[in-house]
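The values are calculated or read from the model by the stated rules, or taken from the named source; none is laboratory data. The structure displayed is predicted, hence computed values, not measured ones. Ideal geometry is used to build each Cβ from the backbone, glycine not excepted, and the neighbour counts take in all protein chains shown.
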Amino acid sequence: MSAPSHSSLDISRRAVMVSGAATAAMSALPADVQAAPAPSKPATMPVSFKVNGKDVSLTLDTRTTLLDSLREHLKLTGTKKGCDHGQCGACTVIVNGERINSCLSLAVQHQGDEVTTIEGLGTPDDLHPMQAAFVTYDGYQCGYCTPGQICSAVSVLKEIEAGIPSHVQEDITAAPAFTNMEMRERMSGNICRCGAYSNIAEAMAAVAGAKA
């Protein structure tokens, strides 16, 4: 019987060294790392609110944002996820008559609230006046930010009508006017990367003029 070759002996030594190093490394780990428990299921909570006039009840992970509950659970994908940090306005919806960034708000915070998305403002056969104005004045290009722009624009006109002041008012005790500067300031949180701001302002001015 022939003696084992040097190459086979080298492989055996290498395997022993690797195995020994792995065993030593595992024995050096803390006990809680060596036998980590299986991750627990996320906490869930039931939430009920009204979306576009319809009662909705969901059981959600408590970390679910209003934006994700609308898009992923209710399939209302008109509301867009842009920056997911509340900086672009693409996710703007109207809650109890006021506009909010739905990416910054947890769904469970809205128990009993009334939520209006772009789908709830109007339909292709029955457009909201602001939707119709955006079409007329070409207030969109790629269209990604448009749902948030329209929801915000509708709310802005209501804010001005209600006398809520803004940063561009010289006299915050006076009633704000439907001026170009006033509307641009209030819409500054809604970013349009295509640069359709002038057309959006014209659409808003047309709707404001029709209300006056």
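Every residue in the range 135-165 that is acidic (Asp, Glu) and part of a loop (DSSP other than H, G, I, E, B), please. Lay out the reasoning, then the answer.
Here is the first cut: in the range 135-165, the ones acidic (Asp, Glu) are 138, 159, 161.
The answer is 138, and nothing else.
Quick one: is residue 108 of a type in the set (Val, Ile, Thr) and in a strand (DSSP E or B)?
Details: of a type in the set (Val, Ile, Thr): yes; in a strand (DSSP E or B): no.
When the stated conditions are applied, residue 108 does not pass them.
This table checks each residue for (1) basic (Lys, Arg); (2) under 25 Å from residue 158 (Cβ atoms); (3) assigned to a loop (DSSP other than H, G, I, E, B); (4) free of Cβ contacts under 8 Å to residues at least 24 places away in the same chain.
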| residue | (1), (2), (3), (4) |
| --- | --- |
| 63 | yes, no, yes, no |
| 67 | no, yes, no, no |
| 70 | no, yes, no, no |
| 78 | no, yes, yes, no |
| 82 | no, yes, yes, no |
| 88 | no, yes, yes, no |
| 93 | no, yes, no, no |
| 112 | no, yes, yes, no |
| 115 | no, yes, no, no |
Cβ pairs under 6 Å, 6+ apart, first in the range 170-182 and β-branched (Val, Ile, Thr), second assigned to a loop (DSSP other than H, G, I, E, B) = 172/165
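Yes/no per residue for (1) buried (at least 22 other Cβ atoms within 10 Å of the Cβ); (2) within 23 Å of residue 50 (Cβ to Cβ); (3) touching a helix residue (DSSP H, G or I) at 6+ places or on another chain (Cβ under 7 Å):
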position	(1), (2), (3)
81	no, yes, yes
84	no, no, yes
122	no, yes, yes
126	no, yes, no
130	yes, yes, yes
141	no, no, no
150	yes, yes, yes
162	no, yes, no
175	no, no, no
Before we move on, is residue 196 within 18 Å of residue 90 (Cβ to Cβ) and crowded, with 16+ Cβ neighbours inside 10 Å?
-> yes
Regarding residue 62, is this residue under 30 Å from residue 194 (Cα atoms), surrounded by 10 or more Cβ atoms within 10 Å (Cβ to Cβ) and at pLDDT 75 or above?
-> no
Here the residues within the range 166-212 that are within 19 Å of residue 135 (Cα to Cα), part of a loop (DSSP other than H, G, I, E, B) and not charged (D, E, K, R) are 187, 190, 191, 192, 194, 195, 196
Across (1) in contact (Cβ under 8 Å) with a residue 60 or more places away in the chain; (2) farther than 24 Å from residue 210 by Cα; (3) under 19 Å from the mean Cα position of the chain (by Cα), residue 103 clears everything bar (1)
